[in-house]
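A short worksheet on the structure shown next.
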Amino acid sequence: MKVAVINFSGNVGKSTVARHLLLPRMNNATVIPVESINSDGTQDEAIKGKQFGELQEALMLVDDAVVDVGASNVEDFVNLMKQYKGSHEDFDYFVIPTVPKNKQMRDTISTIDALADIGVPAKKIRLVFNMVEIDDVPERVFAGLFEYHGVAKTFTLRPEAVIHVNDIYGKIKGAEQGIRDILNDPTDYKAKIKTAKDSDEKLHCAQMVGIKRLAAGVTDELDAVFKTLIK
């Protein structure tokens, strides 16, 4: 499976969706960031939007891939898909993360329109509602997108594809470990607190207890989101 994570807008959590939602559930897929430096600070070897030919070659050499398209490269990316006629067919899905802010929702609609204009079918364009407060419902905070879907029918909208606000994303930002790595860490940090050599080590162990608990809870949510998103 090959998935592009894309939105004309920044600050919608594209890298979070690519690395924490999709990557661990796609047979250890390759992540290809289309940007020189991602907003999350990671320094992956990147393919810029204008190097679309190289991106196509890279995709053909792997079975599973997540292409994380940086906001500054989306316009080039879409325009080059027009030039390389039929290249959008290399992707099984175009996942568009969006957040409950007016600008980002307008940019989400622009992204949907741009993909539809080059022939991407509605069944391949999938929305993820990101950074949603736990007591909010998508139908209310994303009312404009639901209304647009009722008119346009150019994308797939599933209200259950919701990633809620969670402290873990801030705590692991820039870290090498992913959520699944943290969850699978066999270390008993609670027991290690008793044998810690100093206060710094104790604090670290206490923090890791909390992070592992957050990881357990958010993994259940991400599993459910992936299941409803990719079906």
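The values are calculated or read from the model by the stated rules, or taken from the named source; none is laboratory data. The model shown is predicted, which means the values in this text are computed figures rather than measured ones. Note: ideal-geometry Cβ built from the backbone for every residue, glycine included; neighbour counts use all protein chains shown. The area values use the complete protein model at the heavy-atom level, side chains included, leaving out ligands, DNA and RNA. Shrake-Rupley method; radii C 1.70, N 1.55, O 1.52, S 1.80 Å.
Here are some notes:
- Scanning the stretch 160-201 for residues that are assigned to a loop (DSSP other than H, G, I, E, B) and touching an Asp or Glu at 6+ places or on another chain (Cβ under 7 Å) turns up Val165, Lys173, Gly174.
- Hits in the stretch 205-231 - residues which are open to solvent by 90 Å² or more (accessible area, probe 1.4 Å) and assigned to a helix (DSSP H, G or I): Gln207, Arg213, Asp220, Lys227
- Whether a residue is touching a Pro at 6+ places or on another chain (Cβ under 6 Å) and surrounded by fewer than 15 Cβ atoms within 10 Å (Cβ to Cβ) was assessed, and Pro186 does not pass this test.
- Some residue of the stretch 59-68 being closer than 30 Å to Pro159 by Cβ, part of a helix (DSSP H, G or I) and touching a helix residue (DSSP H, G or I) at 6+ places or on another chain (Cβ under 6 Å): no
- Of the residues making up the stretch 56-98, those that are in contact (Cβ under 8 Å) with a residue 12 or more places away in the chain, under 16 Å from Val120 (Cα atoms) and acidic (Asp, Glu) are Glu75, Asp90, Asp92.
For (1) open to solvent by 40 Å² or more (accessible area, probe 1.4 Å); (2) part of a strand (DSSP E or B); (3) at pLDDT below 95; (4) within 23 Å of Val3 (Cα to Cα), each residue gets a yes or a no:
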| residue | (1), (2), (3), (4) |
| --- | --- |
| Ala116 | no, no, no, yes |
| Gly119 | yes, no, no, yes |
| Arg126 | no, yes, no, yes |
| Met131 | yes, yes, no, yes |
| Glu139 | yes, no, no, no |
| Glu147 | yes, no, no, no |
| Arg158 | yes, no, no, yes |
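- Residue check, Lys103 more than 16 Å from the chain's Cα centre (by Cα) and of a type in the set (D, E, K, R): yes
- Residue in the stretch 78-94 that is at pLDDT 90 or above, under 14 Å from Lys14 (Cα atoms) and outside any strand (DSSP E or B) present: no
- Cβ-Cβ contacts under 6 Å between residues 6 or more apart (or on different chains), taken from a first residue in the stretch 214-231 that is touching a residue at least 24 places away in the same chain (Cβ under 8 Å) and among the polar types (S, T, N, Q) to a second residue that is part of a helix (DSSP H, G or I) and open to solvent by 10 Å² or more (accessible area, probe 1.4 Å), are listed as Thr219/Leu183.
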